[in-house]
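The values are calculated or read from the model by the stated rules, or taken from the named source; none is laboratory data. Keep in mind the model is a prediction, meaning the values are calculated, not measured. Positions of Cβ are generated from backbone atoms using ideal geometry, with glycine treated the same way; all protein chains shown enter the neighbour counts. Heavy atoms of the whole protein, side chains included, go into the accessibility calculation; ligands, DNA and RNA do not. Shrake-Rupley method; radii C 1.70, N 1.55, O 1.52, S 1.80 Å.
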Amino acid sequence: MLLQYLKRQYRLVCFLAACAAIFAAVLSLYDFPAESVGYAALLCAALGLVFFAVGYCGFLHRHRELERLLDAVNETVLPLPPARSVLEADYQALLTAVCTHRAHLLTESENKRQDLLDYYTLWAHQIKTPIAAGRLLLQSGGETDREALSAELLKIEEYVEMVLGYLRLDSDTTDYVLRRCALDDIVRGSLRRYARLFILKKLTLEFRETNRELVTDEKWLGFVVGQLLSNAVKYTPVGGTVRIYPDGDTLAISDNGIGIRPEDLPRVFEKGFTGYNGREDRKATGIGLYLCKRVLTNLGQGITIVSRPGKGTIVRLLLRDGRQVEE
């Protein structure tokens with residue numbers, strides 16, 4: 001430790017040695033008695049040793065303080081000693097800011113990890129239902145059962161796409177390709193995908209073309225429309241009606257299904273919120289509407305929901321930057 005302190009103070013030691021050499025050389029030019037020069041040099045050496053000892057003790061004390069801080073490095077707030085200079089105070093402020101930022105990152109990372117764990121737990125539970133239904137349909141093996149099996153496979157595909165959308169949403173590699181798209185083509189693509197579910201539940205579809213174009217990401221907007229159609233099919237009873245139509249500046253998707261309770265409406269876009277009906281029917285993942293809201297926000301669009309229990313639900317997509325297609 002002494003050698004380390006000397007290495008740290010080597011410039012000062014060299015400066016004092018040079019001063020002593022100059023002092024001795026100057027005194028020798030004036031023929032001062034050697035005893036007086038030696039006595040002065042001895043006094044200077046003694047005073048230097050005192051300052052050296054004080055400095056070394058301070059060095060050891062700070063070294064032990066830093067070792068204690070090293071042992072407490074995993075604590076949220078480091079017990080820093082009082083600053084002894086302006087620069088040391090600046091370094092301590094910088095270190096405190098770094099520790100605060102690190103704690104924030106750790107908390108954020110833990111929250112994300114817990115969110116993923118919660119979602120995957122729910123997702124694994126939800127996906128078991130169509131897998132089990134498909135297994136039973138394979139055992140029975142009729143033509144009607146084949147259509148039902150296709151519907152169950154579509155549900156599995158939907159759950160897989162939902163989890164992929166969830167993972168990509170906050171990813172740095174999320175790619176939004178914005179171009180002018182025909183809204184009706186996006187809606188038709190989602191309708192073709194869910195046609196089997198409409199047929200199996202004997203649902204009536206009423207689709208009025210919008211004749212609109214807008215600048216958006218076709219894939220992500222199609223994902224949103226698909227999620228909303230899936231919810232409409234899921235919560236509409238057999239023989240019900242699903243309507244898709246332009247409503248002013250919005251695209252409306254309505255159904256005459258079980259609806260949403262008034263106390264649940266303000267929270268339907270929260271992550272993990274399923275509401276009373278979702279808990280009762282055990283069909284909701286609590287992630288679909290949350291993803292729709294996030295995607296539409298990223299695209300600069302909006303979404304609203306109105307609903308009455310037992311009467312149905314109307315979802316309106318506020319699709320900005322749309323214009324009528326020239327006919």
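Results, tabulated for the structure shown:
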{"item": "Members of region 205-224 that are over 33 Å from the mean Cα position of the chain (by Cα) and charged (D, E, K, R)", "result": "Glu206, Arg208, Glu209, Arg212"}
{"item": "Of residues in region 233-245 being without any contact (Cβ under 8 Å) to a residue 60 or more places away in the chain and open to solvent by 40 Å² or more (accessible area, probe 1.4 Å), the one farthest from the chain's Cα centre (by Cα)", "result": "Gly239"}
{"item": "Boolean, Val325 is at pLDDT 90 or above, farther than 26 Å from Pro130 by Cβ and open to solvent by 50 Å² or more (accessible area, probe 1.4 Å)", "result": "no"}
{"item": "Qualifying positions in region 205-219 - buried (at least 16 other Cβ atoms within 10 Å of the Cβ) and either modelled with pLDDT under 90 or touching an Asp or Glu at 6+ places or on another chain (Cβ under 7 Å) (or both)", "result": "Thr210, Leu214"}
{"item": "Yes/no for Ser230 being within 20 Å of Gln301 (Cβ to Cβ), without any contact (Cβ under 8 Å) to a residue 60 or more places away in the chain, open to solvent by less than 50 Å² (accessible area, probe 1.4 Å) and among the hydroxyl-bearing types (Ser, Thr, Tyr)", "result": "no"}
{"item": "Number of positions in region 192-204 that are surrounded by 15 or more Cβ atoms within 10 Å (Cβ to Cβ) and either under 29 Å from the mean Cα position of the chain (by Cα) or free of Cβ contacts under 8 Å to residues at least 40 places away in the same chain (or both)", "result": "3"}
{"item": "Index of the failed condition, Asn277 passing every other in (1) surrounded by 17 or more Cβ atoms within 10 Å (Cβ to Cβ); (2) at pLDDT 90 or above; (3) over 28 Å from the mean Cα position of the chain (by Cα)", "result": "(2)"}
{"item": "Unique residue being touching an Asp or Glu at 6+ places or on another chain (Cβ under 9 Å) and open to solvent by less than 60 Å² (accessible area, probe 1.4 Å) when the list is Val187, Val225, Val177", "result": "Val187"}
